[in-house]
1. Per the 1.4 Å probe, what fraction of the accessible area of the chain, in percent, lies on carbon and sulfur atoms?
2. Please sort 11-19, 26-34 by packing, taking for each peptide the average over its residues of neighbouring beta carbons within 10 angstrom, highest first.
3. Express the accessible area of the chain per residue in Å², computed with a 1.4 Å probe while the remaining protein chains stay in the model.
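The values are calculated or read from the model by the stated rules, or taken from the named source; none is laboratory data. Given the structure is predicted, the values throughout are model-derived calculations rather than measurements. For neighbour counting, all protein chains shown are included, and Cβ atoms are generated from backbone atoms with ideal geometry for every residue, glycine included. Calculation scope for accessible area: heavy atoms of the full protein, side chains included, ligands and nucleic acids excluded. Shrake-Rupley method; radii C 1.70, N 1.55, O 1.52, S 1.80 Å.
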Amino acid sequence: METSVINRVKELRKEKGITQEQLASELNVSRQTVNSIERGRYVPSLELALQTARFFNCRVEDIFILPAK
């Protein structure tokens with residue numbers, strides 16, 4: 001069973017006025033990883049999701065949304 005997770009990473013990144021490269025540097029991942037997350041092709045690990053939430057100063061649930069069935 002495939003689970004689709006919606007995320008707001010691109011929206012939050014643009015609100016902050018930073019590039020994918022800058023976000024990747026802050027999270028210690030590649031720009032390609034940020035791009036894959038933003039495009040919904042990669043669901044980050046719990047650790048990376050928590051780091052992302054800390055960076056954007058919000059809750060994980062505010063960034064990564066599991067749609068209702």
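1. Numbers: 2350 of 5000 Å².
So the carbon and sulfur contribution to the accessible surface is 47 percent.
2. On the way: 11-19: 13.1, 26-34: 15.6.
Averaged packing, sorted descending, gives the order 26-34, 11-19.
3. Numbers: 5000 Å² over 69 residues.
I get 72 Å² per residue for this part.
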